[in-house]
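This report concerns only the one structure given below.
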Amino acid sequence: GGQAGNGAGAGRPGYVRVRGAREHNLKNVSLDIPRDALVVFTGVSGSGKSSLAFGTLYAEAQRRYLESVSPYARRLFHQMPVPEVDEIDGLPPAVALQQQRGSPTTRSSVGSVSTLSNSLRMLYSRAGDYPAGQELLYAESFSPNTPEGACPECSGLGRVYAVTEQSLVPDDSLTIRERAVAAWPPAWHGQNLRDILVTLGYDVDTPWRDLPKKDRDWILYTDETPTVPVYAGLTPEETRRALKRKDTPSYQGTFSGARRYVLQTFATTESAAMKKRVARYMVSKECPLCRGKRLRQEALSVTFGGIDIADISRLPLARLHDLLAPYASGKAAADKGRARLHPEQLIVTQRIAEDLVARLDVLLALGLGYLALERSTPTLSPGELQRLRLATQVRSNLFGVVYVLDEPSAGLHPADTEALLAALAQLKASGNSLFVVEHALDVIRCADWIVDVGPAAGEQGGEVLYSGPPQGLERVDASQTRRYLFDDTPIRARTRRAPAGWLRLEGVTRNNLNQLAAEFPLGVLSAVCGVSGSGKSSLVSQVLVELVARELGQGAPAGQVEETDDLEQETALPLEGRIVSGMETIRRMVRVDQKPIGRTPRSNLATYTGLFDQVRKLFAATRMARARKYDAGRFSFNVAKGRCENCAGEGSVMVELLFLPSVYAPCPVCAGARYNAKTLEVTYQDRNIADVLGMTVDAAFDFFAGEALVARSLEVLREVGLGYLRLGQPATELSGGEAQRIKLATELQRTGRGNTLYVLDEPTTGLHPSDVDRLVLQLERLVEAGNTVVVVEHTMRVVAACDWVIDVGPGAGDEGGTVVAAGPPERVARAAGSRSAPYLRPWLP
Ligand code: ADP
Ligand code: ADP
Ligand code: ZN
Ligand code: ZN
């Protein structure tokens, strides 16, 4: 229905004409989308918005671009998926500003992503204040990532890594046989080193601390690598006798001291796991030469405005802007110091400063003034990173391209969203098109054109319900978006629950929080809000979570193990603050975040929720499986027995491309089934295990109706709105919102827990308002079951539905970090000085 399509023949001028799009769940849709306009794609999660905007339009633009580059690239890309679509006309080149879906972290910083650091290096190189007699340095000399710039002591890392006896031998009451030297490799290699020590006559059966210092030092620190005969399996006494008799040894073994082993492995290994393992036995400290500034002394001796380049990179962007502004306007040129400069230098200073200030203006307008250039991008939220890249594009002077964005309002307080809209308007005014997938009503309202996809998710979606100017959507009954766009009723009016107690924190110091006291109500649903950068995550996702985890003796505070093989974890921030009361009733804490449920196609929703264990048992119990002695492990694609060996159960194989990211292609042997032919012969109710993984949750719910345990898991997944997902859909294909709801469902299926603290950071990201309603309902269920739920939240519809609100601010960075107001939503909505209050008020009855 709707206004999709516009007659036959050539495309309308000024429009992108799409015919027969069938990517993922899209149902052969045809539509015309205006260029040079802000086009917003709406629809419930899983309806097919991204499949249309990214999977079809962007993918096709990208493919055409790559094909135009060279026939060579075309050959490389013949395996690249071609979007399922009959025809697209009038499509400009596209730039995607997509949010990361579990992509690996890269070592970049705000300065490198925005390219501001390049300009700053140029400024220091050409217009910095050099000590008398020092030669001018090239711009590269101001980068810690170049040999010219890197501090020679720490190779530009800012930290030096070393080993100590304590770090190599964490428990000195153990003997060498008991693995006192924990840093040594595990398994065979470690045993080999111990056997060598036996040959060399060292005592491996006395506690480490009782060995002579001379022996301890040699074992840990020697750089000698003697090769000696090894008698595997013999006792020290037997070894002595064998040596005396000159018996033939098992083999010749080469010794390596613990320090040598650790440092060499760390420096040379290609395996991230190995590197991570040995890093545990090293201690890091700030580099004494550069004091953590990562640069050579020559570079650090050059200043601008009295500050070296490392310190200037630590300033919040707002302060950097203020520092450079006088130079940009030429007002600082009359400075005593700078009057000595050559006129060319003054011109260069002004030029570079002007450019920097103009680019900083955009970043400040997007509400990012609290970030510093040196901030590493993995510590940014996906929304912050996307806005950073958006700001970079606004100044890139491109025109005639289409920017495809994924929920740019994510992480933005309504007060920040206005700036975002201004940046989008600027891109449009420079002659570009904007295709935006978005859920925030205040952004949707600003659209020139809406493409509403639906009506529901997965199989029940994939149609274009409407394509046209916003007003026309009001008449489309099937649209879920229509209800929220044209009707402002709150989620529902209800009485607020009274707190059952208080979790009180004091002395909280982290990022922009300084000796903050805060209290979280127990047994209710509370929201923490505030502008972006005010300190919500620092308070909730960092300090609250870490303090509670420490009290509970919980190791990893997340709902699942986190994969960080980054050394940056080593320099984890100190935990400053304490819980003064309220822990008595908290037994457990769960973080339900939007991090991927796994980083490889091996994890999927069936494995994560545990329902696949039940399914495998059902297959193992079939007559054929029992006859062939197949156990449940046979039906796992992670175990060698039953899986396809060509792809090791992945269903796909990685194709390495030269200097482009690698791509996955279906496994030629199993055609994506993941299992070997023998395993696939076993069926349960006429379906094999690969068929089951291919079912949607909805289909599986009917299929397994008689199996209470499986059905229970599937029912909860349906309740959180994931009925459209396939059981075997790889974790890498899931959006953050989907991952989060899978975690929530996993929690909800463990019935009757109570006394658990749930912490959710921006749980509504990626969710359509109708999905948000569903989420709130699930959170309410957790509270009703006797738990405490704390959410960091921007969507005021949700904040208004909570029992309690904590407003952090008032501003961002240095201007935030305090609790501005706290209380039931009605009270916070009236609080003076709260930036949230004006946006909260309209949602209250
Ligand atoms: P939306 O953007 O509206 O949330 P998507 O376009 O991401 O929806 O998803 C639409 C449907 O396509 C969903 O059923 C989703 O599970 C499915 N889907 C998404 N990505 C993939 C993929 N890479 N492979 C197969 N199916 C996918
Ligand atoms: P919010 O969650 O309200 O957006 P954050 O707690 O993330 O705010 O940030 C509060 C302040 O702390 C900001 O100035 C931010 O730049 C700073 N900050 C947050 N995380 C880090 C970090 N890992 N390293 C340095 N500064 C940080
Ligand atoms: Zn150094
Ligand atoms: Zn295979």
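Here, each number is a calculation from the coordinates, and none is a lab measurement. All values derive from a computational prediction rather than experimental measurement. Please note: Cβ atoms are built from the backbone with ideal geometry, for glycine as well, and neighbour counts cover all protein chains shown.
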Quickly rank 757-770, 637-650 as a protection proxy: mean count of other C-beta atoms within 10 Å, highest first. 757-770, 637-650
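Given 0.36 nm per residue, what is the gain on full extension from A273 to T248 after removing their alpha carbon distance, in nm? All intermediate terms of the calculation are to be shown ahead of the outcome.
Numbers: separation 25, 0.36 × 25 = 9.00 nm, distance 3.64 nm.
Full-extension gain reported as 5.4 nm.
Given Cβ point charges of +1 (Lys, Arg) and -1 (Asp, Glu) and nothing else, what value in debye, to the nearest 20, does the dipole of region 702-845 about its Cα centre take? List each step's numbers first, then the result.
Values: 14 positive and 19 negative charges, 40 e Å.
That gives region 702-845 a dipole magnitude of about 200 debye.
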Taking the alpha-carbon distance from K293 and a cut-off under 16 Å, which aspartates and glutamates remain once sequence neighbours fewer than 8 residues away in the same chain are dropped? E140, E148, E153, D308, D311, E374, E568
List, largest first, the extents of the alpha carbons of region 161-286 along their principal axes, each in whole Å. 52, 33, 22
Output the peptides 682-691, 459-468 sorted from most to least packed, where packing is the average of other Cβ atoms within 10 Å over each peptide's residues. 459-468, 682-691
Compute the normalised compactness of the chain: alpha-carbon radius of gyration over 2.2 N^0.38 Å, N being the residue count. 1.07
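In debye, nearest 20: dipole of the chain around its Cα centre with unit charges on the Cβ of K, R (+) and D, E (-)? Numbers along the way, then the final one.
Working: 97 positive and 97 negative charges, 261 e Å.
Once rounded to the nearest 20, the dipole reads 1260 debye.
Just want the ordering: W218, W208, from fewest to most Cβ atoms lying within 10 Å of their own Cβ. Each step should come with its number before you reach the end.
On the way: W218 16, W208 20.
Listing W218, W208 from fewest to most nearby Cβ atoms yields W218, W208.
Calculate the FRET efficiency for S376 and N118 from the Cβ-Cβ distance with a Förster distance of 22 Å, rounded to the nearest 0.05.
Details: r = 17 Å, r/R0 = 0.77.
It comes to 0.80.
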Amide H neighbours of T175 under 5 Å, at least 5 residues apart or on other chains, H built in the peptide plane: list them. A180, W208
Can you return the aspartates and glutamates within cross-link range of K246? Criterion is Cα-Cα under 16 Å, with same-chain partners fewer than 8 residues away left out. E237, E238
Could you check what % of the DSSP bridge pairs in the chain are antiparallel, to the nearest 5? 60 percent
Tabulate in residue order the Karplus-calculated ³J(HN,Hα) for region 158-171, using 6.51 cos²θ - 1.76 cosθ + 1.60 with θ = phi - 60°, rounded to whole Hz; enter x for Gly and Pro. x, 10, 10, 10, 9, 10, 10, 4, 4, 6, 7, 10, x, 10
Quick one: putting +1 on the C-beta of Lys and Arg, -1 on the C-beta of Asp and Glu, what dipole do you get for region 161-286 around its Cα centre, in Debye to the nearest 20? 180 debye
Positive-end residue, the chain charge dipole about Cα centroid, Cβ charges, pick of Y65, S119, G305: Y65
Order of 387-400, 51-64, 242-255, 600-613 by packing, highest average Cβ count within 10 Å first? 51-64, 600-613, 387-400, 242-255
Under 15 Å between alpha carbons, and skipping anything fewer than 8 positions from K428 in its own chain: which aspartates and glutamates qualify? D36, D448
For region 506-548, list residues with backbone N below 11 Å from a point placed 7 Å from the Cα of R578 toward its Cβ? 506-507
Signed unit charges on C-beta, dipole axis of region 442-516, positive-most listed residue L485, Q515, A456: Q515
When a/c is below 1.5 the answer is rounded, else prolate if a/b is larger than b/c, else oblate, so apply that to region 605-733 with a ≥ b ≥ c taken from the square roots of the Cα gyration tensor eigenvalues. oblate
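Too long at a 20 Å Cα-Cα cut-off: which of K27/K49; K641/K678; K536/K595; K275/K641; K213/K244; K617/K678?
On the way: K27/K49 12 Å; K641/K678 10 Å; K536/K595 18 Å; K275/K641 30 Å; K213/K244 27 Å; K617/K678 17 Å.
The pairs that break the limit, which is 20 Å between Cα atoms, are K275/K641; K213/K244.
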Take Y202, Y630 and order them by how many other Cβ atoms sit within 10 Å, fewest up front. Y202, Y630
Return the sequence-ordered ³J(HN,Hα) values of region 608-621 in whole Hz as given by the Karplus equation 6.51 cos²θ - 1.76 cosθ + 1.60 applied to θ = phi - 60°, using x for Gly and Pro. 5, 7, x, 6, 5, 4, 5, 4, 5, 4, 4, 5, 5, 8
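From the square roots a ≥ b ≥ c of the eigenvalues of the alpha-carbon gyration tensor of region 400-519, which class results: rounded (a/c under 1.5), prolate (a/b over b/c), or oblate? Before the final figure, lay out the partial values.
Working: a/c = 2.75, a/b = 1.50, b/c = 1.84.
Here region 400-519 falls in the oblate category.
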Counting only residues 5 or more apart in sequence or on a different chain, those whose built amide H sits under 5 Å from that of Y675 are C644
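Apply 1/(1 + (r/R0)^6) to the Cβ-Cβ distance of D89 and D487, taking R0 = 30 Å, and write down the FRET efficiency to the nearest 0.05. Provide the component values of the computation, followed by the final result.
Working: r = 37 Å, r/R0 = 1.22.
Calculated value: 0.25.
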If you take the beta carbon distance between V653 and E224 as r and set R0 to 45 Å, what does 1/(1 + (r/R0)^6) give as a FRET efficiency, to the nearest 0.05? 0.50
